[in-house]
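The values are calculated or read from the model by the stated rules, or taken from the named source; none is laboratory data. Note that the structure is predicted; figures quoted are calculated from it, not measured. Cβ placement follows ideal geometry from the backbone for every residue including glycine, while neighbour counts extend to all protein chains displayed. Quick note on the areas: whole protein, heavy atoms, side chains included, nothing else; ligands and nucleic acids left out. Shrake-Rupley method; radii C 1.70, N 1.55, O 1.52, S 1.80 Å.
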Amino acid sequence: MNNPDLSIPVRQPAATSLDDTILPFAVKALDLRGRIVRLGAVVDTILTGHDYPIPVAKLLGEAIVLTVMLGSALKIDGRFILQTQSDGPVRMLVVDFTAPHNVRACARFDAARLAAAIAGGKAAPGQLLGRGHLAMTIDQGPDMSRYQGLVPLEGGDLEQAAHEYFTRSEQIPTRVRLAVAEEFRAGEGGPRRHWRAGGILLQFLPSSPDATVDDIELLDPELSSERLAYRLFHERGVRVFRATPVAAQCSCSRHGVENMLLSFSPQDRADMVEDGRITVTCEFCSSTYVFAPSEIAAASMPASQ
């Protein structure tokens, strides 16, 4: 591997792929920096947990990769939230990345419109999203102001929206590639499908050459992120940094749901009672919390003096 800076150790790229990681890298000769995200169990856990139709799962998988790439690059304590609101069959995507490595996600869609779009051959990502906007929110906690960037969705996919976002908000040209696919593995009872996802983000000076990356390169478990970076930039010398792990982790809890219920009026809580209990299901992880109405009523009473 070419490396004009003798102070930087030179080694061959790792051959083994590390799933659920974010690998930062830089090419000093090109004034280029980037990140490669490879997701295996993380994206599979989220998507199979919801059992979304395949087109919705692929779209949400792309949103997860994009959020992890952008959120992990900010180096902040807090949350990076990506959310779409649009008029297509998939009307909302929400991905919540909590630094340094926890991610959760969910989607809302119109099942009848989705089925019609698939039957009519109009299931491309941009067609499923339709028109609306993509919001990217940085939340550093209650004592800090939120920052939010908005990008219009005009029938394009998430890659196009990301490029539009960087064109408007950054001075450095940025390119993003996203890929999501199913992998079938042998198992008890026959083959089982697993989701895989990957992405690459490149930020470079105008004089830097663009890099072409195929979907299979971002998804292939036999091709490590280090080897992919080497394949793209070895002629100019590429330096990789320590990889960061990613985990599928929801922040919901019974205590948090109880506090949410306490914020409702007694009448609103009474309207939520079915079969003598209040049941709340988390949209992100599908965890279900069951409360007796008397339990919430007791918690709402002021402490005795």
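Okay, residues lined up against (1) part of a loop (DSSP other than H, G, I, E, B); (2) of a type in the set (S, T, N, Q); (3) open to solvent by 60 Å² or more (accessible area, probe 1.4 Å); (4) at pLDDT 85 or above:
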{"position": "CYS252", "(1), (2), (3), (4)": "yes, no, no, yes"}
{"position": "ASN259", "(1), (2), (3), (4)": "no, yes, yes, yes"}
{"position": "ALA270", "(1), (2), (3), (4)": "no, no, no, yes"}
{"position": "ILE278", "(1), (2), (3), (4)": "no, no, no, yes"}
{"position": "GLU283", "(1), (2), (3), (4)": "yes, no, yes, yes"}
{"position": "PRO302", "(1), (2), (3), (4)": "yes, no, yes, no"}
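Restricting segment 36-80 to residues that are over 14 Å from the mean Cα position of the chain (by Cα) and outside any helix (DSSP H, G or I) leaves a set whose member that is nearest to LEU93 (Cα to Cα) is TYR52.
Please state which one of ARG242, ARG193 is surrounded by fewer than 19 Cβ atoms within 10 Å (Cβ to Cβ), part of a strand (DSSP E or B) and of a type outside the set (Ser, Thr, Tyr).
Details: ARG242 fails: part of a strand (DSSP E or B).
Criteria check complete, one pass: ARG193.
All but one of (1) in contact with a Gly (Cβ under 9 Å, 6 or more places away or on another chain); (2) under 26 Å from THR174 (Cβ atoms); (3) in a loop (DSSP other than H, G, I, E, B) hold for PRO221, so report the exception by its number. Result: PRO221 passes all but (2).
Listed here are the residues, each with its yes/no results for (1) open to solvent by 10 Å² or more (accessible area, probe 1.4 Å); (2) modelled with pLDDT under 95; (3) over 23 Å from ASP220 (Cβ atoms).
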{"position": "PHE25", "(1), (2), (3)": "no, yes, no"}
{"position": "ALA29", "(1), (2), (3)": "yes, yes, yes"}
{"position": "THR48", "(1), (2), (3)": "yes, yes, no"}
{"position": "GLY61", "(1), (2), (3)": "no, no, no"}
{"position": "GLY71", "(1), (2), (3)": "no, yes, yes"}
{"position": "LYS75", "(1), (2), (3)": "yes, yes, yes"}
{"position": "GLY78", "(1), (2), (3)": "yes, yes, yes"}
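Restricting attention to segment 169-187, which residues are open to solvent by 50 Å² or more (accessible area, probe 1.4 Å) and over 21 Å from the mean Cα position of the chain (by Cα)? Scanning segment 169-187 gives GLN171, ILE172, PHE184, ARG185, ALA186. Scanning segment 95-110 for residues that are touching a residue at least 40 places away in the same chain (Cβ under 8 Å) and hydrophobic (A, V, I, L, M, F, W, C) yields VAL103, ALA105, CYS106, ALA107, PHE109.
So which of GLN127, GLN140 ends up being touching a residue at least 40 places away in the same chain (Cβ under 8 Å) and open to solvent by 50 Å² or more (accessible area, probe 1.4 Å)? Even if it seems obvious, please write down each step before you answer.
Values: GLN127 fails: touching a residue at least 40 places away in the same chain (Cβ under 8 Å).
Selected residue: GLN140, the only one of GLN127, GLN140 that is touching a residue at least 40 places away in the same chain (Cβ under 8 Å) and open to solvent by 50 Å² or more (accessible area, probe 1.4 Å).
Does segment 105-114 include one or more residues that are surrounded by 13 or more Cβ atoms within 10 Å (Cβ to Cβ), touching an Asp or Glu at 6+ places or on another chain (Cβ under 7 Å) and not in a strand (DSSP E or B)? So far as segment 105-114 goes, no, none of its residues is surrounded by 13 or more Cβ atoms within 10 Å (Cβ to Cβ), touching an Asp or Glu at 6+ places or on another chain (Cβ under 7 Å) and not in a strand (DSSP E or B).
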